[in-house]
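Each reported figure results from applying straightforward, stated rules to the coordinates on display, with no laboratory input. Here the structure is a predicted model, which is why all the values come from computation and not from measurement. Cβ coordinates were reconstructed from backbone atoms using ideal geometry, including for glycine residues, and neighbour counts include every protein chain displayed.
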Amino acid sequence: MKAQKQISVNSYRAAGFIGKYQTIVADTVIPYQYSVLWDRAEGAEKSHVAQNFINAAKALRGEDIVDGFYGMVFQDSDAYKWLEAAAYSLANKPDADLESRADELIDLIAAAQDTDGYLNTAFTIKDREKRWTNLLEGHELYCSGHMIEAACAYYEATGKRKLLDVAQKNAECIYARFVTEGNEGVPGHPEIELALMKLYRLTGNRRFLELSERFIDERGTDPGFYAREAEKRDWTVWNSNPWDNDYRQSGKPVREQSEATGHAVRAVYLYTGMADLAAETDDRELLEACRRLWDNIVRKRMYITGGIGSTVIGEAFTVDYDLPPDTAYSETCAAIGLMFFAGRMLENEINGEYADVMELAFYNTVLAGMQLDGKRFFYVNPLEVDLGISGKSATHTHALPSRPGWYACACCPPNVARLIGSIGKYAYSESGDTAYCHLYAAGTVGFSNGLSLECVTG
Ligand SMILES: [Zn+2]
């Protein structure tokens with residue numbers, strides 16, 4: 001039962017309300033983030049992302065590096081999210097300058113890839129011997145996931161293979177480690193699962209589907225894994241509790257899970273990969289688990305804005321019906337992840353509820369996360385602001401009363417950019433001789449039988 005498939009980004013030409021947002025992303029968000037990656041944005045914190053790739057390539061060649069690695073352990077993902085947003089923007093509107101900037105960054109990324117396919121600047125620059133020793137916090141698989149997503153999008157937008165070749169080589173390196181060699185462990189931060197499904201669909205290489213399946217099916221089967229891993233090493237990134245499996249959705253096998261727990265972004269990225277795999281392999285048991293998790297979120301753990309994650313502590317879900325309006329975390333990225341999950345559930349079964357929740361999250365949290373000029377962003381989206389308390393009291397420091405600018409480590413803004421750029425994939429789909437409109441996204445959409453549909457909004 002394959003209910004429907006997404007249209008490609010190229011098949012949707014936005015106009016009206018959505019067109020306005022795509023223009024803001026193309027004209028303001030993407031150029032600004034590019035300047036951040038290169039540490040050229042005035043007033044922004046140091047990012048060092050591009051320099052990290054340059055330095056990793058030097059490290060591979062055995063050359064001296066002056067300024068080492070800088071940033072969060074997942075700093076690379078900022079480059080990948082920017083590239084993915086740039087790819088969608090290029091698909092929507094060709095731009096030779098943007099494409100050459102993207103090509104230049106891809107050259108740096110390719111040069112930072114080790115001969116075995118490994119690619120992560122944090123470990124390559126300073127800790128090569130520590131690779132794969134901290135799946136709990138190291139985020140190597142998370143970064144690879146974002147790179148793979150960027151590679152698929154860039155190939156689809158431009159037909160250029162360079163980053164796709166890097167991504168396949170990297171995925172093969174991961175396949176060798178976790179499937180061929182049989183090493184244990186699953187990513188502390190899910191993301192690669194959904195990315196591998198994209199790579200599988202694009203290349204037809206079944207190993208990528210198998211690898212995604214391996215990460216999904218092993219998750220939670222061995223709750224002691226992260227603790228054993230932690231005992232074997234003498235270093236940590238954030239001193240995370242390796243036994244807090246609920247935080248990373250690894251307390252029990254995913255097929256037995258029925259409550260959305262832990263870090264909200266990790267949760268919905270995982271469920272997205274699960275729903276994707278279920279649709280591709282017609283796995284009813286996995287789909288049933290996705291339905292339970294979906295129901296738990298939308299009936300008991302979601303704000304009326306489509307926001308998820310009730311607490312700043314761990315940026316996480318808490319318990320059923322605990323939805324405080326003023327201390328909500330409701331991260332923009334989590335609402336985006338919920339849209340991903342809804343979109344993949346629609347691939348499994350046509351049900352208006354998935355589209356309704358997608359719409360709710362898109363208009364009330366994702367778009368609300370970005371200021372109208374595209375220059376400031378909410379990472380946290382409380383439903384209530386108490387002036388004098390919000391942003392000030394120790395219990396409310398995260399709930400800022402106005403949108404902050406760009407952080408050096410920016411998770412939400414580039415996520416908004418890639419979602420808006422690819423909104424056609426979520427708004428429209430098709431199955432056999434049926435076209436579906438899930439969101440009233442103004443513009444023209446083309447279907448695979450040659451028919452096109454125009455949606456006009458006011
Ligand atoms: Zn975020």
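Collect the residues in the range 337-387 that are under 18 Å from Asp276 (Cα atoms) and either within 16 Å of the ligand (Cβ to nearest atom) or within 17 Å of the chain's Cα centre (by Cα) (or both), keeping them in residue-number order.
Within the range 337-387, Gly337, Leu338, Met339, Phe340, Phe341, Ala342, Gly343, Arg344, Met345, Met358 meet the criteria.
Determine which single condition Arg161 fails, assuming it passes every other condition in (1) at negative phi; (2) touching a residue at least 12 places away in the same chain (Cβ under 8 Å).
(2)
Yes or no, residue by residue, for (1) in contact with a Ser or Thr (Cβ under 8 Å, 6 or more places away or on another chain); (2) closer than 21 Å to Ala26 by Cβ:
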site: Phe69; (1), (2): yes, no
site: Asp76; (1), (2): yes, no
site: Tyr80; (1), (2): no, yes
site: Asp107; (1), (2): no, no
site: Leu119; (1), (2): yes, no
site: Lys126; (1), (2): no, no
site: Arg131; (1), (2): no, no
site: Glu140; (1), (2): no, no
site: Ser144; (1), (2): no, no
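Going by what's in this entry, would Tyr154 be described as touching a His at 6+ places or on another chain (Cβ under 7 Å) and either outside any loop (DSSP other than H, G, I, E, B) or of a type in the set (Phe, Trp, Tyr) (or both)?
On the way: touching a His at 6+ places or on another chain (Cβ under 7 Å): no; either outside any loop (DSSP other than H, G, I, E, B) or of a type in the set (Phe, Trp, Tyr) (or both): yes.
Against the criterion (touching a His at 6+ places or on another chain (Cβ under 7 Å) and either outside any loop (DSSP other than H, G, I, E, B) or of a type in the set (Phe, Trp, Tyr) (or both)), Tyr154 does not qualify.
Within the range 393-419, work out how many residues are within 15 Å of the ligand (Cβ to nearest atom) and β-branched (Val, Ile, Thr).
1
Counting only residues that are of a type in the set (Asp, Glu) and within 16 Å of Glu184 (Cα to Cα), which one in the range 125-143 is surrounded by the fewest Cβ atoms within 10 Å (Cβ to Cβ)? Walk me through it before giving the result.
If we filter the range 125-143 for residues that are of a type in the set (Asp, Glu), which is where we start, we get 127, 129, 137, 140.
Now drop any that are not within 16 Å of Glu184 (Cα to Cα), which leaves 137, 140.
On the way: Glu137: 20, Glu140: 26.
Applying the filter and picking the extreme gives Glu137.
Return the total of residues in the range 371-396 being free of Cβ contacts under 8 Å to residues at least 60 places away in the same chain and either crowded, with 18+ Cβ neighbours inside 10 Å or within 23 Å of Ala316 (Cα to Cα) (or both).
Residues flagged as free of Cβ contacts under 8 Å to residues at least 60 places away in the same chain and either crowded, with 18+ Cβ neighbours inside 10 Å or within 23 Å of Ala316 (Cα to Cα) (or both) within the range 371-396 amount to 10.
Looking for something closer than 21 Å to Pro187 by Cα, surrounded by fewer than 22 Cβ atoms within 10 Å (Cβ to Cβ), within 16 Å of the ligand (Cβ to nearest atom) and in contact (Cβ under 8 Å) with a residue 12 or more places away in the chain - is there at least one such residue anywhere in the range 295-314?
Checked the range 295-314: at least one residue is closer than 21 Å to Pro187 by Cα, surrounded by fewer than 22 Cβ atoms within 10 Å (Cβ to Cβ), within 16 Å of the ligand (Cβ to nearest atom) and in contact (Cβ under 8 Å) with a residue 12 or more places away in the chain.
Looking only at the range 89-113, count how many residues are part of a helix (DSSP H, G or I) and either exposed (fewer than 14 other Cβ atoms within 10 Å of the Cβ) or of a type outside the set (Gly, Ala, Ser) (or both). Spell out how you get there, then give the answer.
From the range 89-113, those part of a helix (DSSP H, G or I) are 89-92, 96-111; that's our starting set.
Cutting the leftovers down to either exposed (fewer than 14 other Cβ atoms within 10 Å of the Cβ) or of a type outside the set (Gly, Ala, Ser) (or both) gives us 90, 92, 96-101, 103-109.
Adding up the residues that qualify gives 15.
Which residues, taken from the range 84-104, are under 16 Å from the mean Cα position of the chain (by Cα) and either among the aromatic types (Phe, Trp, Tyr) or farther than 15 Å from Leu419 by Cβ (or both)?
Going residue by residue through the range 84-104, those that are under 16 Å from the mean Cα position of the chain (by Cα) are 84-88.
If the condition is that a residue be under 16 Å from the mean Cα position of the chain (by Cα) and either among the aromatic types (Phe, Trp, Tyr) or farther than 15 Å from Leu419 by Cβ (or both), then Tyr88 is the only one that fits.
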